[in-house]
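In what follows, a single structure is set out as structure tokens and then discussed.
The values are calculated or read from the model by the stated rules, or taken from the named source; none is laboratory data. Just so it is clear, the structure is predicted and the values come from calculations on it, not from any experiment. Quick reminder, even Gly has a Cβ in these numbers, built from the backbone with ideal geometry, and neighbours come from all protein chains shown.
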Amino acid sequence: MTTRWRIFLPWIVPVLFFLAWDLLAHFGHADPRFLPSLEQVGGRAVAEWRDEDLLGHVLASLQRAGIGFGIGGAAGLALGLVIGLAPLLQRLLGPLLLVHRQIALFAWIPLLSMWFGGGEAGKLAFISLAAFQPVLTNTWQGVANIPGKFRELAAVLTFSRIDTVRLVALPAALPSIFTGLQSALIYAWVATIGAELFLNVAPGIGGRMNEGQQLFKMDLLLLCVVLMGGIGLLLNQAATLLQARLLRWRTA
Amino acid sequence: MTEAPGLEILGVSKRFHVAGGAVQALSDINLTARRGEFLALVGASGCGKSTLLRLILGLDTDYDGRILVDGQPVLRPGLDRGMVFQEHRLLPWLTVTGNVAAALRQSRLGQAEKRDLVAQHLDLVGLTRFATAYPSQLSGGMAQRVAIARALVNRPPFLLLDEPLGALDALTRLRLQDELKRIVSDGGITAVLVTHDVDEAVYLANRIAVMHPNPGRIAAILPVTDSVERDRSEPEFIRLRDTVLGLLGVREGTGRRAAADVDRRVAA
Ligand SMILES: Nc1ncnc2c1ncn2[C@@H]1O[C@H](COP(=O)(O)OP(=O)(O)OP(=O)(O)O)[C@@H](O)[C@H]1O
Ligand SMILES: [Mg+2]
């Protein structure tokens, strides 16, 4: 198969999926209240865009995810670096962080909404926490697992502590840190929708889903699901591209 | 003024504690190198050559005996001792220039001087054209040359080389041997070279220390006279090489054959 055709390969299954959906909706005797056709969902998208400021909702969700990703990612990166480079701290905090990891993400929602309220603060706290965890773990592991031969080299070149971090520890851990950041991006996005669904009503895709559920607008619900998946996919692709650029020494 | 003492290894023994007991890696090593002397260490795999270099570097200070550099006990690594590791050990995220310049991080020279030094040493190893390449873009031999430039850029009075040419093809190897010889003698550098290649040891060194394993110890120290040093086809060169091969437990016939191989290689 030529490379020209290869680029269409990932699209085949999604296209078949939507085709099957539409065929089922039209000819499958499915109750249109539960399975609206693609045209219905598309019509809803146009209506939402025109009358309900769909773009504004999408941007509100993206902004929330971005802020949470920023706060949680920065905190995870800083703490991961410190813990990974200080064996004593690793011993001290390791068990606590392992316990933290065992707690399902959504179990934090009731707690955080008590502490921070169900408004914007509570939502951002939850999203930040979601982004924090993968960045922390991956940064910590990445820094702690720097090959001994590079530590030795830093010693032979009599690097200062700062140079050791800047020239050895950080770049050596970078692939792992990126894995963490990429997961964090998706976690933050999923957590954003979760926060909008389970906490106070606010502009955002999750808010529209709530309305879809309450008013039994199946096409709106499905539209939100498609949007959520599509945007998540785009975020993931963007992260992959950025990573390839920044880690070009690996393939150069 | 008395002559500088150079490198002194006095009664050094090193034990590693491993699961299920201890390994005696080095046993009562006594070895000195005068200032400007080129010392070669040869010996079977596992006889403690790399371990000895790590002790001289000060990467490990948990041993018996004493190691003095210029009369001072070694407590930690220092820029007075340059090192070329058994593998090139370049930082993959830095360019060739970045890797060589990394060795100058602790130097007090100005930026311009540092840049000049890096350029000068890249030129020395013939890699000026690859200054902006990443290690993954280099061949094994080129990477090893960058490692040599990195070890030399501080102009260290002491140079430790752990099989620096081991991974290279025969041709590059012969060329780099000549370069190394010139650099070390021009710079008045005191060098310790670990090598498996007896021919290389005889060609480069002023003295050859032959080590035996289990426990790692010095079996003999052989001087290399000046006339031998120059020419691989000298009968004296071949006799010395056979002596070393004999001490390493290689049959004499094998030594002769290896010697004949080298003669053909040199003649070609
Ligand atoms: N960190 C370590 N822990 C335990 N044992 C070690 C360690 N480093 C080296 N040894 C042991 O010490 C002995 C000498 O090892 P060393 O690496 O110095 O040998 P070498 O002469 O450099 O061998 P080669 O020619 O294969 O490089 C070996 O038996 C090895 O198993
Ligand atoms: Mg070795």
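Things worth noting here:
- Residues in the range A:194-226 that are closer than 27 Å to A:Phe116 by Cα and assigned to a loop (DSSP other than H, G, I, E, B): A:Leu199, A:Asn200, A:Val201, A:Ala202, A:Pro203, A:Gly204.
- Selected residue (criterion: farthest from the other protein chains (Cβ to nearest Cβ)) from residues of the range B:61-119 that are farther than 20 Å from B:Pro164 by Cβ and aromatic (Phe, Trp, Tyr): B:Tyr63
- Positions within the range A:138-175 being buried (at least 21 other Cβ atoms within 10 Å of the Cβ) and away from chain B (no Cβ under 12 Å), in sequence order: A:Asn138, A:Thr139, A:Trp140, A:Gly142, A:Val143
- Candidate set from the range B:146-176 (those that are in contact with a helix residue (DSSP H, G or I) (Cβ under 6 Å, 6 or more places away or on another chain) and more than 16 Å from ligand 2 (Cβ to nearest atom)); member that is nearest to B:Arg81 (Cα to Cα): B:Leu152
- Residues that are at the interface with chain A (Cβ under 9 Å from one of its Cβ atoms) and more than 15 Å from the chain's Cα centre (by Cα) were ranked within the range B:40-60; the one that is farthest from ligand 1 (Cβ to nearest atom) is B:Gly58.
- Positions within the range B:34-57 being away from ligand 2 (no atom under 15 Å from the Cβ) and either crowded, with 21+ Cβ neighbours inside 10 Å or at pLDDT 95 or above (or both), in sequence order: B:Phe38, B:Leu39
- Residue that is surrounded by the fewest Cβ atoms within 10 Å (Cβ to Cβ), among those in the range A:87-130 that are part of a loop (DSSP other than H, G, I, E, B) and of a type in the set (A, V, I, L, M): A:Ala104
- Among the residues of this structure, B:Ala209 does not count as one that is surrounded by fewer than 21 Cβ atoms within 10 Å (Cβ to Cβ), within 24 Å of B:Gly46 (Cβ to Cβ) and within 16 Å of ligand 1 (Cβ to nearest atom).
- Filter result for the condition that a residue is over 14 Å from B:Gly216 (Cα atoms) and either of a type in the set (S, T, N, Q) or within 16 Å of ligand 2 (Cβ to nearest atom) (or both), over B:Gln106, B:Gln24: B:Gln106
- Scoring B:Asn30 on the criteria (1) within 16 Å of ligand 1 (Cβ to nearest atom); (2) assigned to a strand (DSSP E or B) leaves a single failure, condition (1).
- Selection count where residues are more than 23 Å from the chain's Cα centre (by Cα), of a type in the set (D, E, K, R) and within 14 Å of another protein chain (Cβ to nearest Cβ), scope the range A:209-252: 2
- Selection count where residues are under 29 Å from the mean Cα position of the chain (by Cα), in a helix (DSSP H, G or I) and hydrophobic (A, V, I, L, M, F, W, C), scope the range A:1-48: 16
- Yes/no for A:Leu185 being in contact (Cβ under 8 Å) with a residue 24 or more places away in the chain, under 24 Å from A:Gln237 (Cα atoms) and in a helix (DSSP H, G or I): yes
- Residue in the range A:44-67 that is touching a helix residue (DSSP H, G or I) at 6+ places or on another chain (Cβ under 9 Å), surrounded by fewer than 18 Cβ atoms within 10 Å (Cβ to Cβ) and among the aromatic types (Phe, Trp, Tyr) present: yes
- None of B:Gly11, B:Gly21 is away from every other protein chain (no Cβ under 14 Å), away from ligand 1 (no atom under 14 Å from the Cβ) and not hydrophobic (A, V, I, L, M, F, W, C) except B:Gly11.
- Neighbours by Cβ (under 9 Å, 6+ apart or cross-chain): first from the range B:60-87, surrounded by 12 or more Cβ atoms within 10 Å (Cβ to Cβ); second aromatic (Phe, Trp, Tyr): B:Val69/B:Phe158; B:Asp70/B:Phe158; B:Asp80/B:Phe158; B:Arg81/B:Phe158; B:Gly82/B:Phe158
- Qualifying residues in the range B:177-211 (those that are within 16 Å of ligand 2 (Cβ to nearest atom) and assigned to a loop (DSSP other than H, G, I, E, B)) - the one farthest from the other protein chains (Cβ to nearest Cβ): B:Asp197
- Of all residues in the range B:156-174, those satisfying the criterion of being surrounded by 14 or more Cβ atoms within 10 Å (Cβ to Cβ) and part of a loop (DSSP other than H, G, I, E, B) are B:Pro156, B:Pro157, B:Glu163, B:Pro164, B:Leu165, B:Gly166, B:Ala167, B:Leu168.
- With respect to the conditions (1) touching a residue at least 60 places away in the same chain (Cβ under 8 Å); (2) in a strand (DSSP E or B), B:Ile9 falls short on a single one, namely (1).
- Here B:Leu204 qualifies as touching a Phe, Trp or Tyr at 6+ places or on another chain (Cβ under 9 Å) and buried (at least 24 other Cβ atoms within 10 Å of the Cβ).
- Some residue of the range B:135-155 being within 14 Å of ligand 1 (Cβ to nearest atom), more than 14 Å from chain A (Cβ to nearest Cβ) and either of a type in the set (A, V, I, L, M, F, W, C) or loosely packed, with under 15 Cβ neighbours inside 10 Å (or both): no
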